[in-house]
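Engineer: Starting off with a structure, shown below.
The values are calculated or read from the model by the stated rules, or taken from the named source; none is laboratory data. Being a predicted model, the structure only gives us computed values, none of them experimental. All Cβ positions, glycine included, derive from the backbone under ideal geometry; neighbour counts span all protein chains shown.
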Amino acid sequence: MKPVYILAIETSFDETAAAVLCNDRLISNVVSTQIDVHKEWGGVVPSLARREHEKLIGGCIASAFKKSGLKSMSQLSAIAVTYGPGLAPALEVGVREAKKLALELNIPIIPVNHMEGHALAGFLRNKHGKRYIDIPDAKFPLLAVCVSGAHSEIVWAEKFGHYQLLGQTLDDAAGEAFDKVGRMLDLGYPAGAIISELAKRGNPKAYDIPRPMKNSQDYNFSFSGLKTACLYQVQTLRKELGKKFPNIIPDYCASVQEAIVDSILIKTSRAVKKLNPKMVIFGGGVVSNSRLRVKARAEMKKLGVPLYFPAKQFCTDNAAMIGYAAYQKFLRGEVLHDVESLQRDPAVNIDSRKYCD
Ligand code: KG4
Ligand code: ZN
């Protein structure tokens, strides 16, 4: 069979990204982060995200195409693009660019759900056909746990493309919880990686931080109670300790990290025990967290289920994972020929079958 070349575009949040795949093999991958722009605001500002995506998208696509080694854009079979969930002004930039290219090249678009990209990132292959991690072919049904700066979701997959959202965050996402506590501690944005680094020197039992919803019989998360508890604790500690407050930051980071990690794993374990998946895969920026990796490995080993994490460069937002999900859609014939009909959908769920038939 002729190789399928897909150019994938991702602009759902604060990374502008483009990648080229040959079937399920990644042949070029470009990610341009906007963190420096959003940093001073302590979070992602949608209007600035749009402006940055507009500035960066052309260069990202050109660079990904150049690095792919393809001779001409006419070799592409389809353009893949994230159409949701995400920030509306940010998604619009990628969708508009994808439409323009698809129309110029007279090829179809493959609209991809951002969360499907996170869920499948572990299966990507490099240009030699080797997977980036030691993972077998997907075994269904599988459980995907997606924890990022904007989403926390537990997803049941019967096969590629058929997902059921078992549970999700009722308020903040796991990454957002890291970022908000980081802001209380003046650690800068995004704080997940900084907290995880500081936590290495801290005692996870030093501070009593709640594990919200740990006894609820569902698969949902909530991090707003944790955030509020931290806000009061940090205010009190600052008052009590004065200039000595910075000394307790590593212990505080370790305790917060432990609470967030436990909250994720309590619901993951509940789903594994009840539903008995053949494998568990994690995805999303928070999966870079090494404490989460260590504790998840121990927990899933106890439950006897194989567990996989994507390579770290594919945990945070990127277009390679979008290209992988798109290739699976291409194999199922889920491509959109009526390019103009594509609309961004900022709140779309992973179990939506939009653009699939
Ligand atoms: O997946 P992602 O790039 O963006 C969204 O789709 O939302 O995830 C970004 C999130 C941020 O909240 C960041 O603080 C968090 O992932 N993060 C981490 C770590 N590295 C990034 N959280 C905990 N530990 C880390 N090492
Ligand atoms: Zn993401």
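Engineer: For the range 107-117, state whether one or more residues are within 28 Å of VAL155 (Cβ to Cβ) and either part of a loop (DSSP other than H, G, I, E, B) or acidic (Asp, Glu) (or both).
Structural biologist: Yes, there is a match, as at least one residue in the range 107-117 is within 28 Å of VAL155 (Cβ to Cβ) and either part of a loop (DSSP other than H, G, I, E, B) or acidic (Asp, Glu) (or both).
Yes/no matrix, rows are residues, columns are (1) more than 19 Å from MET115 (Cα to Cα); (2) among the basic types (Lys, Arg):
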site: LEU7; (1), (2): no, no
site: ALA17; (1), (2): no, no
site: CYS22; (1), (2): yes, no
site: ILE27; (1), (2): yes, no
site: HIS38; (1), (2): yes, no
site: VAL44; (1), (2): no, no
site: LYS55; (1), (2): yes, yes
site: SER63; (1), (2): yes, no
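Engineer: Could you count how many residues in the range 301-344 are within 20 Å of the chain's Cα centre (by Cα), in a loop (DSSP other than H, G, I, E, B) and either farther than 28 Å from ALA271 by Cα or of a type in the set (A, V, I, L, M) (or both)? Show your work before the answer.
Structural biologist: Of all residues in the range 301-344, those within 20 Å of the chain's Cα centre (by Cα) come to 307-329, 344.
From what's left, in a loop (DSSP other than H, G, I, E, B): 309-311, 315-319, 344.
Filter again for either farther than 28 Å from ALA271 by Cα or of a type in the set (A, V, I, L, M) (or both), leaving 311, 319, 344.
Residues meeting the conditions: 3.
Engineer: Please list, ordered by first then second residue, the pairs with beta carbon atoms under 8 Å, 6 or more apart or interchain, first in the range 273-290 and crowded, with 23+ Cβ neighbours inside 10 Å, second among the charged types (D, E, K, R) and in a loop (DSSP other than H, G, I, E, B).
Structural biologist: Cβ pairs passing all conditions: GLY285/ASP317.
Engineer: Continuing with the same structure: Taking GLY59 as meeting all but one of (1) touching a Ser or Thr at 6+ places or on another chain (Cβ under 9 Å); (2) within 27 Å of LEU331 (Cα to Cα); (3) surrounded by fewer than 22 Cβ atoms within 10 Å (Cβ to Cβ), write down the number of the exception.
Structural biologist: The one condition GLY59 does not meet is (2).
Engineer: What helices (runs of 4 or more DSSP H), lying completely within the range 168-286, carry at least 1 residues that are under 30 Å from ALA319 (Cα atoms) and assigned by TED's automatic domain parsing to the domain that holds TRP41? Full working, then the answer.
Structural biologist: On the way: elements: 174-184, 192-199, 224-241, 249-275.
Filter on the range 168-286 gives an empty set.
Engineer: Over 26 Å from PRO46 (Cα atoms) and either surrounded by fewer than 17 Cβ atoms within 10 Å (Cβ to Cβ) or β-branched (Val, Ile, Thr) (or both), is that true of GLY129? Step through it out loud before you land on a result.
Structural biologist: On the way: over 26 Å from PRO46 (Cα atoms): yes; either surrounded by fewer than 17 Cβ atoms within 10 Å (Cβ to Cβ) or β-branched (Val, Ile, Thr) (or both): yes.
Spelling it out, GLY129 is indeed over 26 Å from PRO46 (Cα atoms) and either surrounded by fewer than 17 Cβ atoms within 10 Å (Cβ to Cβ) or β-branched (Val, Ile, Thr) (or both).
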